[in-house]
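A.B. asks: Got a structure for you, questions after.
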2 protein chains.
Amino acid sequence: MTSVEEPAHNGGRIRDAARTRAEILDVATKEFARAGLAGARVDEIAALTRTTKRMIYYYFGGKEQLFTAVLERAYTVIRQAEQDLDVEHLDPVAAIRRLAELTFDHHEAHPDFIRLVSIENIHEAEHIAGSEQLGRIGSPALEVIHRILESGRKSGLFTADVDAVDLHAMISSFCFFRVANRHTFGALFGRDLTAPDQREHYRTMLGDMVIAYLTADRTA
Amino acid sequence: MTSVEEPAHNGGRIRDAARTRAEILDVATKEFARAGLAGARVDEIAALTRTTKRMIYYYFGGKEQLFTAVLERAYTVIRQAEQDLDVEHLDPVAAIRRLAELTFDHHEAHPDFIRLVSIENIHEAEHIAGSEQLGRIGSPALEVIHRILESGRKSGLFTADVDAVDLHAMISSFCFFRVANRHTFGALFGRDLTAPDQREHYRTMLGDMVIAYLTADRTA
DNA sequence: TAGCTAACGTACTAGTTCGTACATTAGTGG
DNA sequence: CCACTAATGTACGAACTAGTACGTTAGCTA
């Protein structure tokens with residue numbers, strides 16, 4: 001998420017297109033996540049940057065395109081993390097549980113990304129739809145899940161009739177809800193789903209749920 | 001959701017505080033769900049009403065308070081539906097499955113409500129927190145779940161270590177995600193989670209998941 | 001080192017948007 | 001049926017906000 005490191009080698013202002021672009025994206029990510037697409041202020045983004053509003057239009061063209069660029073970069077981070085998945089050396093049950101846990105951890109670690117996804121859904125995913133980059137990448141995780149499911153079914157461990165996409169939805173649902181809806185859930189039911197001392201409880205609960213579903217006795 | 005019925009007994013304009021208020025709430029619900037709090041336009045809400053913007057300020061005080069009022073009414077509808085739950089005559093397994101299905105159906109039937117909840121979470125539930133009405137009602141469903149869990153555990157059917165709030169979160173996660181995130185999920189994975197011909201599949205999947213979790217063999 | 005262009009800054013505008021001051025009338029209580 | 005108030009309508013303004021016209025300079029290249 002933080003693409004800008006070097007504190008300053010300035011004095012007079014230095015020209016660095018890549019840094020300027022990245023800094024705008026960093027700040028815009030926070031601002032859009034904070035206030036939504038309509039609520040975010042271009043002037044505010046510019047003010048939190050070492051450059052000016054002019055540069056936002058210079059590099060991105062406009063507010064909506066900036067939002068699209070923010071989404072594109074955020075999804076790139078996810079895809080990268082998924083590429084580092086290394087669970088296929090485990091037995092199917094352990095592999096799925098590990099995968100669920102990694103998904104859980106990733107959601108917890110990137111609340112801003114969760115907010116951006118919520119916001120993009122309010123806008124009916126029109127920016128994803130309009131982005132060539134986001135058009136058709138598909139998640140690397142899906143193929144991993146697919147292979148684990150195959151293997152688990154072959155060995156008779158898994159009895160459930162789901163494909164990788166459905167299982168991914170199931171796992172993501174819980175992880176996403178826990179982070180995205182923690183405020184209303186907390187306000188209404190008085191329980192903080194993201195309280196640190198409850199973390200292990202929910203992480204285990206998710207794994208138990210998924211494994212129970214996949215391995216349930218379906219002879220009845 | 002539709003609180004305004006009578007088509008017209010007008011001619012000259014009639015004064016009806018209750019109808020005007022309700023009509024504003026109806027229109028505002030749609031507008032806020034469509035565009036979010038910042039994206040919604042007070043003028044647009046007024047235009048879609050048989051009254052004027054002036055009345056929005058007369059009855060609600062401002063945009064934010066109108067949003068709070070919209071949320072209050074939306075949650076009232078949910079609570080009402082939960083009060084009509086009638087599942088405790090069933091055995092615990094059937095009761096939980098039925099409850100999950102009703103939750104599923106309710107989410108599907110009220111996509112605008114789902115959007116409002118997403119939006120309220122972007123604003124960190126500050127309107128719920130600031131509303132006396134929404135402050136501490138708690139869901140009637142929670143008590144139903146609590147009693148079913150007790151009964152299921154007593155008979156040895158349920159082995160899982162969850163309370164009613166956690167189970168409610170689990171069920172809601174899936175139902176909520178399926179509706180709220182259908183756009184990004186569809187755009188990224190090419191699958192419409194809310195496609196009518198997949199409805200039964202996902203409804204069954206949810207029930208299977210919850211029951212499998214609650215009844216899993218935990219002797220290992 | 002001259003000159004050229006990518007990168008950057010300033011200042012402004014056109015349009016929007018929330019909110020309100022002021023005027024008016026329907027309907028009710030006395 | 002008169003007066004009073006709750007309910008409603010009109011017109012407007014102040015502030016904000018996305019976007020741009022125009023001007024400047026760093027630093028590379030020939």
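The values are calculated or read from the model by the stated rules, or taken from the named source; none is laboratory data. Computed from a predicted model, the values in this text were never measured in an experiment. Please note: Cβ atoms are built from the backbone with ideal geometry, for glycine as well, and neighbour counts cover all protein chains shown. For accessibility, only protein heavy atoms count, side chains too; no ligands or nucleic acids. Shrake-Rupley method; radii C 1.70, N 1.55, O 1.52, S 1.80 Å.
A.B. asks: Against the definition (more than 23 Å from the chain's Cα centre (by Cα) and either in a helix (DSSP H, G or I) or surrounded by 15 or more Cβ atoms within 10 Å (Cβ to Cβ) (or both)), how does A:Y213 come out, yes or no? Steps first, please.
C.D. replies: Working: more than 23 Å from the chain's Cα centre (by Cα): yes; either in a helix (DSSP H, G or I) or surrounded by 15 or more Cβ atoms within 10 Å (Cβ to Cβ) (or both): yes.
Yes, satisfied.
Conditions (1) at negative phi; (2) within 12 Å of DNA strand C (Cβ to nearest atom); (3) within 14 Å of chain A (Cβ to nearest Cβ), marked per residue:
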position	(1), (2), (3)
B:A22	yes, no, no
B:V27	yes, no, no
B:E31	yes, yes, yes
B:R34	yes, no, yes
B:R41	yes, yes, yes
B:L48	yes, no, no
B:I56	yes, yes, no
B:D84	yes, no, no
B:I119	yes, no, yes
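A.B. asks: Right, next: Got a number for residues in the range B:140-181 being among the hydroxyl-bearing types (S, T, Y) and more than 7 Å from chain A (Cβ to nearest Cβ)? Give the steps one after another, and end with the answer.
C.D. replies: Here is the first cut: in the range B:140-181, the residues among the hydroxyl-bearing types (S, T, Y) are B:151, B:155, B:159, B:172-173.
Filter again for more than 7 Å from chain A (Cβ to nearest Cβ), leaving B:151, B:155, B:159.
Number satisfying all stated conditions: 3.
A.B. asks: What pairs come out if I take residues in the range A:127-147 that are farther than 15 Å from A:R73 by Cα and pair them with residues that are open to solvent by 30 Å² or more (accessible area, probe 1.4 Å) and basic (K, R) whose C-beta lies under 8 Å away, six or more apart or interchain?
C.D. replies: What qualifies is A:P140/A:R79.
A.B. asks: Tell me, please, whether a residue that is surrounded by 16 or more Cβ atoms within 10 Å (Cβ to Cβ), more than 30 Å from B:N121 (Cβ to Cβ) and at pLDDT 95 or above can be found in the range A:40-48.
C.D. replies: Within the range A:40-48, none of the residues are surrounded by 16 or more Cβ atoms within 10 Å (Cβ to Cβ), more than 30 Å from B:N121 (Cβ to Cβ) and at pLDDT 95 or above.
A.B. asks: Please pick out the residue among A:F113, A:F104, A:F60 that is open to solvent by 10 Å² or more (accessible area, probe 1.4 Å), under 23 Å from A:T194 (Cα atoms) and out of contact with any Gly (no Cβ under 7 Å at 6 or more places or on another chain).
C.D. replies: On the way: A:F104 fails: open to solvent by 10 Å² or more (accessible area, probe 1.4 Å); A:F60 fails: under 23 Å from A:T194 (Cα atoms).
From the options A:F113, A:F104, A:F60, the qualifying one is A:F113.
A.B. asks: Return the total of residues in the range B:35-72 being of a type outside the set (G, A, S), in contact with a Phe, Trp or Tyr (Cβ under 8 Å, 6 or more places away or on another chain) and away from DNA strand D (no atom under 14 Å from the Cβ). Outline the logic, then answer.
C.D. replies: As a first pass, look at the range B:35-72 and keep what is of a type outside the set (G, A, S): B:37, B:41-45, B:48-60, B:63-68, B:70-72.
Among the residues that remain, those that are also in contact with a Phe, Trp or Tyr (Cβ under 8 Å, 6 or more places away or on another chain) are: B:37, B:66-67, B:70.
From what is left, the residues that are away from DNA strand D (no atom under 14 Å from the Cβ) are B:66-67, B:70.
Total satisfying the criteria: 3.
A.B. asks: Consider B:T68 against the criteria (1) modelled with pLDDT under 95; (2) surrounded by 16 or more Cβ atoms within 10 Å (Cβ to Cβ): it satisfies all of them except one. Which criterion is unmet?
C.D. replies: Among (1) modelled with pLDDT under 95; (2) surrounded by 16 or more Cβ atoms within 10 Å (Cβ to Cβ), the lone unmet condition for B:T68 is (1).
A.B. asks: Here's something else I'd like to know. Can you list residue pairs whose Cβ atoms sit under 6 Å apart, with the first residue in the range B:203-220 being more than 11 Å from A:D217 (Cβ to Cβ) and the second being open to solvent by 40 Å² or more (accessible area, probe 1.4 Å) and part of a loop (DSSP other than H, G, I, E, B)? Count only pairs 6 or more apart in sequence or on different chains.
C.D. replies: B:R218/B:T159
A.B. asks: If you don't mind, another one. Which condition number in (1) among the charged types (D, E, K, R); (2) in a helix (DSSP H, G or I); (3) free of Cβ contacts under 8 Å to residues at least 24 places away in the same chain; (4) closer than 23 Å to B:H107 by Cα is the one that A:D197 fails?
C.D. replies: All conditions are met except number (4).
A.B. asks: Quick check on my filter: what residues within the range A:58-76 are outside any helix (DSSP H, G or I) and away from DNA strand C (no atom under 16 Å from the Cβ)?
C.D. replies: Initially, the range A:58-76 is screened for residues outside any helix (DSSP H, G or I), giving A:61-62.
Once the filter is applied, which keeps residues that are outside any helix (DSSP H, G or I) and away from DNA strand C (no atom under 16 Å from the Cβ), the range A:58-76 yields nothing.
A.B. asks: Here is a follow-up. Exactly one condition in (1) more than 8 Å from every other protein chain (Cβ to nearest Cβ); (2) farther than 14 Å from A:A95 by Cα; (3) hydroxyl-bearing (S, T, Y); (4) not in a loop (DSSP other than H, G, I, E, B) is false for A:T184; which is it?
C.D. replies: (1)
A.B. asks: If you go through the range A:183-202, how many residues are open to solvent by 10 Å² or more (accessible area, probe 1.4 Å) and under 29 Å from B:R218 (Cα atoms)?
C.D. replies: Result for the range A:183-202: 11.
A.B. asks: Which ones in the range B:1-39 are of a type in the set (S, T, Y) and either at pLDDT 95 or above or in contact with a Lys or Arg (Cβ under 9 Å, 6 or more places away or on another chain) (or both)? Spell out how you get there, then give the answer.
C.D. replies: Keep residues of the range B:1-39 that are of a type in the set (S, T, Y), which gives B:2-3, B:20, B:29.
Scanning the range B:1-39 gives B:S3, B:T20, B:T29.
A.B. asks: Can you list the helices (runs of 4 or more DSSP H) lying wholly within the range A:77-164 that have 3 or more residues being modelled with pLDDT of 95 or more and closer than 30 Å to A:E31 by Cα?
C.D. replies: Details: elements: A:92-109, A:111-122, A:126-129, A:132-135, A:140-154.
Where helices (runs of 4 or more DSSP H) fall fully within the range A:77-164 and carry at least 3 residues being modelled with pLDDT of 95 or more and closer than 30 Å to A:E31 by Cα, they are A:92-109, A:111-122, A:126-129.
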